[in-house]
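Heads up, the thing below is written out as C-alpha cells.
The values are calculated or read from the model by the stated rules, or taken from the named source; none is laboratory data. Just so you know, these numbers come straight off a predicted model, no measurement behind them. Here the Cβ positions follow ideal geometry from the backbone for every residue, glycine too, while neighbour counts run over all protein chains shown.
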Amino acid sequence: MLKSSLKGGIPVSVSLTENLRSETIGPIIPPGKKRVFRISCYAVAIAVCVSAIAKFLIILIDFVTQVSFFGNFSTAAASPADNMLGLWVIFIPAIGGILVGLMAYYGSGAIRGHGIPEAMEQILTNQSKIKPAITYLKPLSSAITIGTGGPFGAEGPIIATGGALGSTLGQILHITHNERKILLSCGATAGMSAIFGSPVAAIFLAIELLLFEFSPRSIIPVALSCITGAAGHHLLFGSSPVFAIHAAIGSPGNTALLCYSLFGLAIGALSAGVTKAVYYIEDAFSKLPVHWMWWPAIGGLAVGITGYFFPETLGVGYDNIINVLNSTLTIKAVVLLFIFKFVSWSIALGSGTSGGTLAPLLTIGGAAGFLLGNWVTSVFPSAAISAPLAALVGMSAMFAGASRALLTSIIFALETTGTSSALPALLAACTAAYMVSFFLMENTIMTEKIARRGIKTPDSFEPDLLGELTVNDVAGEQGFVINQDVSVAEAREWVKQHPEDKSNHFIIANSDNAFVGIISASNLFGMHHDTEMPIGNLIRRTPVAVNTSGTLRTALELMIKENVDVLPVISTDGDIAGILSHQHIVDAYKMDVAQSQQRKPVISVKRRVLKILVKGQRLITTSKKQKD
C-alpha cells in the first residue's frame, strides 16, 4: 500500500501522459467551432424556408379572407372590415372556429394558442422536440382563424411554424438537444424577422424568451437566421417599415420624457390587467360543460358579434396600428378600437384558438398611448407631447409589460417604424412598464400557461460558477492513492480501516506516483478476484484525468460521462498532483452561494465619518498650538 502525500502547489499548465484521453486536456467546449459553423449553415437554410412560408401564410390569409367575406377566389390583400355581410358577419368567425377545433382535435392540440409559450414549453421540458405536423397545421389553422376574422396577428403562427421546422430538422439530424434548441429558436426568430423586417429585435426575442443563454454557439446561428429572414422580408414584402410613421418625430424634452415614463407606469399596470383578464377568460372556458374542441367556435361567435358592431376589430389589423401611429383616427374611434379589440382578442385567445398576441397587444397599447397623450396635451399643453410618439410608446410599453421582453420591445418599435429619435422615450416607458409588470405579476402572458403546468421559466442570466472556477482552485492537495502493486487483500483491508473515505472509486498509481487508472469499489470487492494479485490488474477503464487548467464544468462533465466521483489531477510530468472529488465541487458551489447571500457593507460610513472628525480635531488642535 502506498500512502501518497500530495503536497505542494498544483502546476498551472499541464500536459497529460499518452495513455490518457486527449479529451481531458483543457476545457471541453461543446459543440466546437466546426459544430457552430454547421449549425449556422442549417440556420440559414431554415430561415430561407421560413421566409417562403411567411409569404405563403400571408397569401393564404388573404385568400381565406376573400373567400369568407367577399366570396372571391383571390389572393389580393383585403380587410374583413370592408365586408358588406351585415348580420351574417357574426357567423363567419364561428365557422372558422369550428374548423380550427376539428383540426386541433383530429390533428394536433398543439396548434392551439399563440405559439411562443408552446415553443418555450418544448424547449424547457421536451428537449425542443415539436411534432412535425405543426409545420403545416399551425399556418393552415392560423390562416383559417385570421382569414375568417380572428383578431390576431400573423407573427405568432409564423414563429410557431418556424420553430416547428427548426425542431423537425433537428430531430432528423445527428445533433444534441441543445443544438436542436438553437435550430428551433432560429426558425422562430427568422419567422418574426420575415414578417416584420426586424432582425435585431428577433435576436433579442430569442435571447429573452427562447434561448435563455447568450453564447457564441447560439447567437451566431440565430443572428444569421434573423438576417436571412430580414432579407426574405425585403425581397417578398418590400423594404419599407411595416408601421411607417409619416410625421417627423423630434427628440423629446425632459418634461415630455417624464410624461412618457408615467405613461409606461400606467400601461405596465394595464398590461398586467390584460394578462390576468386573458387567463381569467381561459379559466372560464375550462368550466364550460362542452368539449374543448367547440371552444374556438364559441370564441369565434364573440369575435363575430364584436365585429358586427365594430368591423375594424376583425382580422390582423396592422392598418389599425398604422392609423393610430399616424393620428388618422378620431379620439372616439380610438376609444372604440381600444375597447372592442381587447374584448374580441381576449375572448378569442381564451377560447384556445390559433393566433398571435403581438399585433393585438400593439393595437391595444398604441391606442392607450394615443389616448394618454391626447389627455396630457389637453391638460398640460406645455408638455410638448407628440401624438405619434405617445402611441408608439404605448405600443412598445404594452409589449414590454405583457411579455417582459424589455430589449425586444424597444428595438422592435425602432425597427418597424424607422424612428431612431424615439429611443429615449421608448427606453423610459418600456423600463417603467417592465418594472410595474415585474412587481404586479408572477408570470407573463408568455409564461403563465406553462407555469400552470408546473414549468419554471428561467428569468435571469447569471455567471456560470462551474465555468469560472478551475480545478486548481478547489482540488484537494492531499489524499490517499493506492499503489498498483498492492494486493487486492491489502487494498480491501486499507479501505475497511479508513471508513471516512466514502468514495465509490479509487485512484491507482505506480511506484513513481504516476497515474495509472481508476477502479470502482464494487470491482475491488468482487467475489471472483484472486486476493493475492496486484490491484492494478483490476483496472478495466480507460484512464481518465483532469488537469489544473480545466474548469469545474469540464471535470463534472467527465465525472458524469465516466460515472466516477473522483478524478486525479495530473501534473506536467504525469504525476498525481491532487485529487478532485464531487464533494470539492459541491463545497465550492456552497461557498459561492453563501458569499452571494452575505449582506454587509464593504465601506463603513461610520468609520469614515469618525476618521474625518478625528483628523479635523487634530488640525484644530495643531492650529491652536501654532498660534500659541
Exercise. Is it the case that region 307-324 has a residue that's closer than 25 Å to Ala104 by Cα, part of a helix (DSSP H, G or I) and in contact (Cβ under 8 Å) with a residue 12 or more places away in the chain?
Worked result: yes
Exercise. Applying the selection to region 45-64, what residues are out of contact with any Gly (no Cβ under 9 Å at 6 or more places or on another chain) and surrounded by fewer than 18 Cβ atoms within 10 Å (Cβ to Cβ)?
Worked result: Ala45, Phe56, Ile59
Exercise. Taking region 521-551 only, how many residues are closer than 13 Å to Ile482 by Cβ and without any contact (Cβ under 8 Å) to a residue 24 or more places away in the chain?
Worked result: 2
Exercise. Are any residues in region 47-74 over 14 Å from Thr148 (Cα atoms) and polar (S, T, N, Q), and if so, which ones?
Worked result: Ser51, Ser74
Seminar exercise, completed: Taking region 282-298 and keeping only residues that are of a type outside the set (Phe, Trp, Tyr) and farther than 18 Å from Leu361 by Cα, one is left with Asp283, Ala284, Ser286, Lys287, Leu288, Pro289, Val290, His291, Met293, Pro296, Ala297, Ile298
Seminar exercise, completed: When region 345-396 is checked residue by residue, the ones that are among the aromatic types (Phe, Trp, Tyr) and surrounded by fewer than 24 Cβ atoms within 10 Å (Cβ to Cβ) are Trp375, Phe380
Problem set entry | Only one of Ser351, Ser344, Ser327 that is at positive phi and out of contact with any strand residue (DSSP E or B) (no Cβ under 6 Å at 6 or more places or on another chain) | Ser327
Exercise. Hey, among the residues in region 148-192 that are crowded, with 24+ Cβ neighbours inside 10 Å and polar (S, T, N, Q), which one's farthest from the chain's Cα centre (by Cα)?
Worked result: Thr148
Seminar exercise, completed: Going through region 487-504 in order, the residues found to be within 23 Å of Glu562 (Cα to Cα) and at pLDDT below 70 are Asp501, Lys502, Ser503, Asn504
Exercise. Within region 198-223, restricting attention to residues that are surrounded by fewer than 24 Cβ atoms within 10 Å (Cβ to Cβ) and part of a loop (DSSP other than H, G, I, E, B), which residue is farthest from the chain's Cα centre (by Cα)?
Worked result: Ser215
For this session: Looking only at region 302-313, decide whether some residue is surrounded by fewer than 24 Cβ atoms within 10 Å (Cβ to Cβ), small (Gly, Ala, Ser) and closer than 28 Å to Leu140 by Cα.
Result: yes
Exercise. So, of the residues in region 561-600 that are assigned to a loop (DSSP other than H, G, I, E, B) and modelled with pLDDT of 75 or more, which turns out to be surrounded by the most Cβ atoms within 10 Å (Cβ to Cβ)?
Worked result: Val564
For this session: Can you confirm whether region 145-166 contains a residue that is of a type outside the set (S, T, N, Q) and over 30 Å from Ala94 (Cβ atoms)?
Result: yes
Exercise. Given (1) surrounded by 24 or more Cβ atoms within 10 Å (Cβ to Cβ); (2) of a type outside the set (S, T, N, Q); (3) modelled with pLDDT of 90 or more, where does Ile123 come up short, assuming only one miss?
Worked result: (3)
For this session: Using the structure shown, decide if Ile227 is at pLDDT 95 or above, in contact with a helix residue (DSSP H, G or I) (Cβ under 8 Å, 6 or more places away or on another chain) and in the same structural domain as Ala154 (by TED's automatic domain parsing).
Result: yes
